[in-house]
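Take a look at the structure below.
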Amino acid sequence: MKPNDRTAGAEPARPFDPGCGRGISRRGFLGGVGGAAAALAVGPGALEPLAFAAGASPAASATAATAASGAPEIGHGAGGQRREAAYQYRLAAARAERDVEVPRQAGNGDEERYPSRIGCFSKALPHNAFGEADPAAYDALIKALRSGDPDRFEEVPLGAKMRLASPLSGLAYDLEGTDSCQLSIPPAPALACAEAAGEQVEVYWMALLRDVAFDDYATDPAAHAAAANLNALSAFKGPRQGGAVTAQTLFRDDLPGASAGPYLSQFMVRSTQFGAEYLVRQVRTFLPGSDYLTRYDDWLAAQNGAPQFKVQYDPVRRYIRNGRDLAAYVRLDMVYQAYLAAFLILAQAPDPGDVLTGGGIACPNNSGNPYARSKTMGAACTFGAPHCMTLLAEVANRALKAVFYQKWYVHRRLRPEAYAGLVHHQLTAKRYPAVLHDDLLGSLALARVRDKHGSYLLPQAYPEGSPPHPSYAQAHSSVGGACVTVLKAMFEERYPMPDPKVVNRDGSTLLPYTGPTLTVGGELNKLASNVATGRNIAGIHYRSDAIEGLKLGEAVAISILRDQKAGFPEKFSGFTFTKFDGTKVTV
């Protein structure tokens, strides 16, 4: 559908209205509530209708009550009617969230399977000479997690100065959206299984290819070797083209649009206005070849929480052109930064005075936006820029709480750098027989890492390696899943991306893209994939961490959109958009 086509009596689609009809040119208190657990069901009637004045909205109930009282005020608060309506709205929303089905939270069994806890996250705890966690320290961590008592966490022994990252956040309560304990993800691939082996092989190849430009995958011999190795694995779950991993699908995700066109999303390369300032998408990146934790002593120090090095930066700022640049971006990004930039690009009109590449695209509203048909009102605090921008921050924080519940209280999956320590000891000392899969131990990637670095340890893009919280699921991707869902709910996802760009080989400039049409929805999915995969390329996450994080974040956002929908006074039938699994949903 073209942006200005009419549909069944609707007004023509119009650019996203960011505010007042004008474009921008530039927890206790719930003590007694138990921890439940559940998968989010996205079905009609899950929250609504809320019972206000014979089914009316809270605003309409308050209006009717005020009119009946004979109060002369225009306002709706006289006599406490609006206060009662607000209470009833919140009560109904709380009851609806309480009734969300409680799922079984299940880990992959590695914690029980290996008494030494080699299959579990233990970074920042004390470790022995083989990088295995001190049993007493690990038991203290489990006791603290079971108690939920901050004082018990203060009793967990640490290996150095690095502290555990926010283990209590997964227990935080919120007043909107489904509670973290009521959301679930599948068990992570078990340490000894073929899928886990395939994911570890992939991150080894990602490390080896960090300095290869994304656009060179089609011709680079190492990229072709990576694709061939991944094709030979028995349980690799990455996307394929014609039944095979190819240069076009290498290190991508199977999301609608994410494997189309250039590797990088247009929302990662386009510059945009940020108020009166300008956001140019060149990044401070790392020097080529600057890999870390490949020497055993350095690796062991990092497991104890004592990294030894500082980042080596490239003095030239560049557009993201390769895996190392992308890893640099996702080390310092501010939680929902990429998605705020995407909003700015979507919401703003092109600036005729822009002498830089990129800019706004004035994407039309999602067709469900109630203000798309109003002749007298423009969106602002609801359905406009203030609503969308603050909602991005809101869903990001709640997605982080949900994923940290999964990380600390359910799965506790080891990081790829720790998995690589097991590989190193097996291949040099046969310490872990019958634990690691042959798909991994026989991989060409391991031989190449050994030849380059003298060990089988996974080269890390960051001197500190992974952060001090468990691997599964990925925090970055949970934020991406939530924020992209919001953007697809607000904007027309079928809108074609105008004037698309690609990055040149050295990251110094942008060039025109020529190829199949790219859509807003596909490029938003690709944006979430880019950010998530950047963390994998850095050596700190696996493919399933990223994918399940995206799905979890999507579920969080959907629950918040549903709760908000019940409170709108506008005539609004719901947010309709395409989920990551390719299905359409109306919330």
Scope region 516-535; condition of a type in the set (A, V, I, L, M, F, W, C) and either surrounded by fewer than 24 Cβ atoms within 10 Å (Cβ to Cβ) or touching a His at 6+ places or on another chain (Cβ under 8 Å) (or both); matching residues:
518, 531, 532
For residue 211, state whether it is under 29 Å from residue 443 (Cα atoms), of a type in the set (Asp, Glu) and open to solvent by 10 Å² or more (accessible area, probe 1.4 Å).
yes
Could you run through region 122-151 and say how many residues are open to solvent by 40 Å² or more (accessible area, probe 1.4 Å) and not hydrophobic (A, V, I, L, M, F, W, C)?
10
So for region 291-312 (the condition being of a type in the set (A, V, I, L, M, F, W, C), part of a loop (DSSP other than H, G, I, E, B), open to solvent by 60 Å² or more (accessible area, probe 1.4 Å) and in contact with a strand residue (DSSP E or B) (Cβ under 7 Å, 6 or more places away or on another chain)), does at least one residue qualify?
yes
Do the conditions hold for residue 129, that is, is it assigned to a helix (DSSP H, G or I) and either out of contact with any Gly (no Cβ under 6 Å at 6 or more places or on another chain) or modelled with pLDDT under 95 (or both)?
no
In region 156-182, residues that are farther than 22 Å from residue 412 by Cβ, touching a Leu at 6+ places or on another chain (Cβ under 7 Å) and open to solvent by less than 50 Å² (accessible area, probe 1.4 Å) total 1
Restricting attention to region 197-206, does a residue exist that is open to solvent by 20 Å² or more (accessible area, probe 1.4 Å) and of a type in the set (Ser, Thr, Tyr)?
no
Do you know which of the residues in region 536-587 that are in a loop (DSSP other than H, G, I, E, B) and basic (Lys, Arg) is surrounded by the most Cβ atoms within 10 Å (Cβ to Cβ)?
579
Subset of region 398-437, residues surrounded by fewer than 19 Cβ atoms within 10 Å (Cβ to Cβ), part of a helix (DSSP H, G or I) and small (Gly, Ala, Ser), comes to 429
Go through (1) touching a helix residue (DSSP H, G or I) at 6+ places or on another chain (Cβ under 7 Å); (2) open to solvent by 10 Å² or more (accessible area, probe 1.4 Å); (3) in a helix (DSSP H, G or I) and name the single condition residue 234 misses.
(3)
Of those in region 471-502 that are assigned to a strand (DSSP E or B) and in contact with a helix residue (DSSP H, G or I) (Cβ under 6 Å, 6 or more places away or on another chain), the residue least open to solvent (accessible area, probe 1.4 Å) is 491
Across region 469-528, which residue is farthest from residue 282 (Cα to Cα) among those that are among the basic types (Lys, Arg) and touching a strand residue (DSSP E or B) at 6+ places or on another chain (Cβ under 8 Å)?
494
Of the conditions (1) at pLDDT below 95; (2) open to solvent by 60 Å² or more (accessible area, probe 1.4 Å), the single one that residue 331 does not satisfy is (1)
Among 567, 582, the single one that is over 28 Å from residue 291 (Cβ atoms) and in contact with a Phe, Trp or Tyr (Cβ under 7 Å, 6 or more places away or on another chain) is 567
Within region 92-100, is there a residue that is at negative phi, touching an Asp or Glu at 6+ places or on another chain (Cβ under 6 Å), at pLDDT below 95 and outside any loop (DSSP other than H, G, I, E, B)?
yes
What number goes with the only condition from (1) open to solvent by less than 10 Å² (accessible area, probe 1.4 Å); (2) assigned to a helix (DSSP H, G or I) that residue 507 does not pass?
(2)
Of the conditions (1) closer than 30 Å to residue 362 by Cβ; (2) of a type outside the set (Asp, Glu); (3) open to solvent by 10 Å² or more (accessible area, probe 1.4 Å), residue 468 satisfies every one except a single condition; which number is it?
(1)
Has region 348-356 got at least one residue that is open to solvent by less than 20 Å² (accessible area, probe 1.4 Å), of a type in the set (A, V, I, L, M, F, W, C) and either over 19 Å from residue 571 (Cβ atoms) or in a helix (DSSP H, G or I) (or both)?
no
Which one is modelled with the lowest pLDDT, of the residues in region 336-372 that are of a type in the set (Val, Ile, Thr) and under 16 Å from residue 488 (Cα atoms)?
361
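The values are calculated or read from the model by the stated rules, or taken from the named source; none is laboratory data. Bear in mind the structure is a predicted one, so any value in this text is a computation, not a measurement. Every residue, glycine as well, gets a Cβ built from its backbone with ideal geometry; the counts of neighbours run over all protein chains shown. All accessible areas refer to the heavy atoms of the entire protein, side chains included, with ligands and DNA or RNA removed. Shrake-Rupley method; radii C 1.70, N 1.55, O 1.52, S 1.80 Å.
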